[in-house]
Structure formats: structure tokens, C-alpha cells
Amino acid sequence: MTTVAHIAGIGSYLPERILTNADLENMVETSDEWIIARTGISERRIAEEGQATSDLAAIAASRALDNAELTPADIDLLIVGTSSPDMIFPATACLVQNRLGMTCPAYDLNAACTGFIFGMHSGVSAIESGRARRVLVAGADALTRHIDFTDRATCVLFGDAAGAVVLERSDEPGVMGIVLGTDGSGADLLKIPGGGSAMPATHSLLDSRLHYVRMNGNEVFRFAVNAIPTATRQALEASGLELGDLDWLVPHQANQRILNTVGQRLGIPSDRVFSHVHDTGNTSAASIPLALDDLYTSGRIANGDILALVGFGAGLTWGAAVVRWTKATQSKEG
Ligand code: ACO
């Protein structure tokens, strides 16, 4: 029998604090109309002071364990996809592991906004190889900590959140084809230049605001609207499925215009392209599990549904995982 993996549990966490477009109008020269028209975003959540990425990830991971009806001791491996770790080291995953009272190996993985899909790839590989039975994969980012709130081109886009799934060995196929991609020639298009070994923290670095996200928005947009359709088609082909088999496209929630364009390019009706970017903004590596948890907890996915989870981000990186949903439909009250 071939070893396969399925999603046995899911959880997510959005911080309480809301930053609306009206709030941003008081901070930079922008307008609700511009932000809605160009991005579809209306509000985003901001981690509380003192709340770090590991805090967000630990709540989401704990909720995923509860949803799977498992305990921390049942997990063989913990992977946290993040590009806004608590510290350069130790890994955020080590802090989450300790917080939850786990004893398994734990590591971070940085593929920016595609971090969750890269984490799923590693988790599924560990299960398929027989090295793990259950892997907890989280995507967590507090990217607003690295946003220049005087730069209107980037500060309207991002929010903080975490999401997590428990992957478990199973006899029925759950996670099907997964494809990943990287094009390092695009590394300059989206980056935090300062604070690493190339440009260590100094007073002048801070004065130059080089510790904040820098982005070429137009090029990132062009990349995204090509990468998502290509990765979706490749992951479906690797699963032996076709576009017509898809119940939901669950793309990285970066921008409504990107979601509209990829839906059109793939010929998927807009009501099958999941979006809640209006309420969350771009939550980076958290975005896909957060979106999936929203679909699940609002009762919109049923056992047997076919989903394509598709990410793209800095690196450049991209990836897609086709998933057959193996959990019962969640009641809307539940
Ligand atoms: N409010 C008002 N005006 C603004 C704002 C703002 N918040 N931001 C930029 N502008 C202005 C610009 O200054 C420019 O003015 P100018 O013409 O006088 O120079 C004008 O609006 C147009 O600027 P563009 O950058 O060309 O605007 P564009 O239509 O490309 O929209 C956006 C910008 C929304 C960033 C778009 O490029 C985009 O969505 N890109 C993808 C970004 C993205 O999703 N990044 C993250 C993905 S990867 C990851 O998640 C890690």
C-alpha cells in the first residue's frame, strides 16, 4: 500500500487589533477608494505589542491539534513557514515547540509567502518516506513589524496572522500533487534588504529605512498572475486531475485584482476562487491555511472536495498543492 498523507486537523489565528483603510488615511496620503480599487483590501489585523510570530503560530497550531483531536505528543515533526521570525535564531519553531510542550524536532522554513506550501511539501515528504506519521505545518507571519508605515505603496497591503494543519499518514489520498518553484533571479523584486548578514543592523541602516519591506509592485503583480495558473495546472496534472475537477481554488490572498485575473486566466468562476483578502490583507505565509480554515469553519467545504492551494512570494517562490478534503463538513455553528 502506498503511504499517503491527508489533512487531519486545521486551525488559525487572527490578532484582535484591526487597522482599517480609514486608519491608514490618517497615517499616509492614501484613500479607502484607492486601496479598495487597487487591492480589494478594507482592513487587516495587527499583532499586539509584545505579540510575536511564535505567539500567533502557537495558537494556530494548538487549534489544529484540537481540531485533529490529537495532543502535542502525537506529533513527530513541527515545521513553521515564516519570513518574520521572532529572532534571527533560534528558529521560531523551537519557541512554538516549547510553548506547546512538544518534544519532536522543529524547524523554520523561509519561502516568504509560499512558506506554507513549501512546509506542506516537506511534511508530506517526511510522511511518505516513513520518517514521520504526523507533521504539524504552520504558516505564520507578523510582517507588519517589517513594514514602513510611511510608505503608502506597501503599508496598505499586509496584515498579521497564523494558520496550521496536521498532516497525517493515511490510506486514502488527501494531499495529492505538490509542485514548487523558485527563480532567484527575481530576488530583488521583493525583499527586506537590511538586518541580515549582507547588511547588518547599524544606526545608518535604520536611518535609511533599509530594515523595511521593499517591493516592485508592478513586477510582483506580473509574476503572480503567471505563476498561479502555471502552478495550479502543474499540480492538477501531477494529481491526475483537470481544472474541471476543482471545487475550490485557494490562492495566496495578496490582492483581489490578482485573484480576479488568475480566475479569468484559468476559466474558474469567481465564486470558486476563495477570497477574504478584504478582511485580512496579505498575511504572507499564514494566508493559505487561514483561508482554508475560513472555508472549513464556514461550512463551505465537504468531504471529498478537491482544492488547489496555490502560493507565490518573495524569492521568487511559488507552489501549489492539490488536496482532497477528508474531513466532514463543519457545521456553521461549530
Ligand atoms: N494610496 C494612493 N496612491 C498610491 C498608493 C496608496 N496606498 N500606493 C501607491 N500609490 C500611487 C503611486 O505613488 C503612483 O502614483 P504616481 O502615478 O503619481 O507615481 C500610483 O499610485 C500608481 O502606482 P503603482 O505602483 O503603479 O500602482 P499599481 O496599480 O501597480 O498598484 C499595487 C500597486 C497595489 C502594489 C500593485 O502593484 C500590486 O498589487 N502588486 C502586487 C503586490 C503584492 O501582492 N505583493 C505581495 C505579494 S508577494 C508576498 O505576499 C510576499
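The values are calculated or read from the model by the stated rules, or taken from the named source; none is laboratory data. Remember, it's a predicted structure, so these values are computed and weren't measured experimentally. With ideal geometry, Cβ positions are generated from the backbone for all residues, glycine too; neighbour counts draw on all protein chains shown.
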*Check ILE59, ILE75 and return the single one that is buried (at least 18 other Cβ atoms within 10 Å of the Cβ), touching a residue at least 40 places away in the same chain (Cβ under 8 Å) and under 21 Å from ARG131 (Cα atoms).*
ILE75
*In the stretch 237-256, which residue that is of a type outside the set (Phe, Trp, Tyr), within 22 Å of LEU290 (Cα to Cα) and out of contact with any Gly (no Cβ under 6 Å at 6 or more places or on another chain) is surrounded by the fewest Cβ atoms within 10 Å (Cβ to Cβ)?*
ASP247
*Mind listing whichever residues of the stretch 5-40 are within 9 Å of the ligand (Cβ to nearest atom) and part of a loop (DSSP other than H, G, I, E, B)?*
VAL28, GLU29, THR30, SER31
*What are the residues in the stretch 209-220 that are in a helix (DSSP H, G or I) and surrounded by fewer than 16 Cβ atoms within 10 Å (Cβ to Cβ), if any?*
GLY217, ASN218, GLU219
*Restricting the search to the stretch 261-304, which residues are away from the ligand (no atom under 16 Å from the Cβ), buried (at least 17 other Cβ atoms within 10 Å of the Cβ) and either assigned to a helix (DSSP H, G or I) or not assigned by TED's automatic domain parsing to the domain that holds VAL213 (or both)?*
LEU266, LEU292, ASP293, ASP294, LEU295, TYR296, THR297
*Report yes if ALA153 is assigned by TED's automatic domain parsing to the domain that holds ASP32 and either over 18 Å from ALA286 (Cα atoms) or among the acidic types (Asp, Glu) (or both), otherwise no.*
yes
*If you go through the stretch 59-66 one residue at a time, do you hit one that is among the basic types (Lys, Arg) and not in a loop (DSSP other than H, G, I, E, B)?*
yes
*When you scan the stretch 91-208 for helices (runs of 4 or more DSSP H) that lie fully inside it, which ones turn up with 3 or more residues that are away from the ligand (no atom under 16 Å from the Cβ) and modelled with pLDDT of 95 or more?*
92-100, 115-128, 203-207
